[in-house]
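Worksheet: the structure to be examined is printed underneath.
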Amino acid sequence: MKPAINYLAAFVAAIIQFAIGVLWYSPVLFVTQWLKDTGLAADMAQQITRTQLATVYGGSLVAFFVCYCVMAQFAHYVNAKNAKEGAQLSLWLWLGFTATTLLVNINYQMKPLSLFLIDASYWLISMIIGGMIIATWKKKTA
């Protein structure tokens, strides 16, 4: 089976998820609670080198892109062809894979439920928007 991936749509969805994360994990929204829940100190951010930051940000973008490439395959399998169907697909993928994985990790790390709520809701919103993009920009296949 040939991949049914619109790489531009996957890239745009990844960039949008990155932008949402910049806002989500900022002082405007949840960074204070997130730092408290993770046990990280705010001054640790000043100790991060440019190389480490590039690795974190670059790795995140690559991971987001891969996520949306895989989502494009699922969109093809279920024939999601509009924003509503893309959002529904994203909700199921988030519930089945993302939320469950985050919950297990947070539970084993003995972190508070509020950390799960911050991280999981970020992924839910990002994936729904990304899924809407993927479904509406779906690559036409023969």
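The listed residues are Lys84, Lys111, and the only one of them that is among the basic types (Lys, Arg) and either over 21 Å from Thr32 (Cβ atoms) or surrounded by fewer than 13 Cβ atoms within 10 Å (Cβ to Cβ) (or both) turns out to be Lys84.
Would you check if there is a residue in the stretch 119-140 being farther than 19 Å from Cys67 by Cα, part of a helix (DSSP H, G or I) and among the hydrophobic types (A, V, I, L, M, F, W, C)? Break it down into steps so the answer makes sense when it comes.
Filtering the stretch 119-140 down to residues farther than 19 Å from Cys67 by Cα leaves 140.
Within this subset, residues satisfying the condition of being part of a helix (DSSP H, G or I) are none.
Looking through the stretch 119-140, none of the residues is farther than 19 Å from Cys67 by Cα, part of a helix (DSSP H, G or I) and among the hydrophobic types (A, V, I, L, M, F, W, C).
Only a single item in (1) modelled with pLDDT under 95; (2) under 22 Å from Phe18 (Cβ atoms) is not met by Gln47, and it is number (2). For the stretch 28-49, a tally of residues being under 22 Å from Phe116 (Cα atoms) and either free of Cβ contacts under 8 Å to residues at least 40 places away in the same chain or surrounded by fewer than 14 Cβ atoms within 10 Å (Cβ to Cβ) (or both) returns 12.
Just one of the numbered conditions (1) in contact (Cβ under 8 Å) with a residue 40 or more places away in the chain; (2) over 21 Å from Leu124 (Cβ atoms); (3) surrounded by fewer than 14 Cβ atoms within 10 Å (Cβ to Cβ) is not true of Gln52; which one? (1) is the only condition that Gln52 fails. Between Lys138, Lys84, the distinction of being in contact with a helix residue (DSSP H, G or I) (Cβ under 9 Å, 6 or more places away or on another chain), at pLDDT below 95 and not hydroxyl-bearing (Ser, Thr, Tyr) belongs to Lys138 only.
Each row is one residue, and each column tells you yes or no for (1) at pLDDT below 95; (2) more than 22 Å from Leu89 (Cβ to Cβ).
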position	(1), (2)
Val12	no, no
Phe18	no, no
Leu23	no, yes
Phe30	no, yes
Asp37	no, yes
Ala41	yes, yes
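In the condition set (1) among the hydroxyl-bearing types (Ser, Thr, Tyr); (2) under 19 Å from Phe64 (Cβ atoms); (3) in contact with a Leu (Cβ under 7 Å, 6 or more places away or on another chain), Tyr7 is compliant with all but (3). The set of residues from the stretch 84-142 being among the small types (Gly, Ala, Ser) and either in contact (Cβ under 8 Å) with a residue 40 or more places away in the chain or more than 29 Å from Ile5 (Cα to Cα) (or both) comprises Gly86, Ala87, Ser90, Ser114, Ser126, Gly130, Gly131, Ala135.
Going through the stretch 97-142 one residue at a time, which ones are within 17 Å of the chain's Cα centre (by Cα) and among the basic types (Lys, Arg)? Of everything in the stretch 97-142, nothing turns out to be within 17 Å of the chain's Cα centre (by Cα) and among the basic types (Lys, Arg).
The values are calculated or read from the model by the stated rules, or taken from the named source; none is laboratory data. Just so it is clear, the structure is predicted and the values come from calculations on it, not from any experiment. All Cβ positions, glycine included, derive from the backbone under ideal geometry; neighbour counts span all protein chains shown.
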